[in-house]
1. Would you be able to tell me the number of residues in region 5-46 that are in contact with a helix residue (DSSP H, G or I) (Cβ under 7 Å, 6 or more places away or on another chain), touching a residue at least 40 places away in the same chain (Cβ under 8 Å) and open to solvent by 70 Å² or more (accessible area, probe 1.4 Å)?
2. If Phe89 meets every condition in (1) at pLDDT 90 or above; (2) not in a helix (DSSP H, G or I) apart from one, which number is that one?
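The values are calculated or read from the model by the stated rules, or taken from the named source; none is laboratory data. Fair warning: this is a prediction, and the values are worked out from it, not measured in the lab. When we count neighbours, we look across all protein chains shown, and the Cβ atoms used for this are built from the backbone with ideal geometry, even at glycine. Quick note on the areas: whole protein, heavy atoms, side chains included, nothing else; ligands and nucleic acids left out. Shrake-Rupley method; radii C 1.70, N 1.55, O 1.52, S 1.80 Å.
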Amino acid sequence: MIVSLTADKLRLKRKGQGLSQAKLAALLGVHTGTVQRWEQETGTVPAYVNNTLELHKRMANEKRRQRAWQRRKKAKKAAESKTPPPSVFNPQS
C-alpha cells in the first residue's frame, strides 16, 4: 500500500525516531534542503519516504531487542559463574 506523508506527519515521524533533517536526508540519499522543503509543505513528499522511515523504525527496534537480549545473556552468564560466598554454618567451607 502506498501511503504518502503530509509535512506535519513527516516532521513528527522524523523527530519521533530521533533523526535530524540531515540524518534523514543522508538515509534517503537526498539533500538536506529537500527534506526542509518537504517539511515546509513546498514539496510533495514521495511515498518511498514513509516506507524508508517505517523500515528504519523496525530496524532500530530490532537492534534494541538484540542489545537487550545480549545484556540478559551476559548477566545470566555472570550470575552463573559466581560462586556463593562461604557460609558460616557450613563447616566444610
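1. 0
2. Answer for Phe89: the failing condition is (1).
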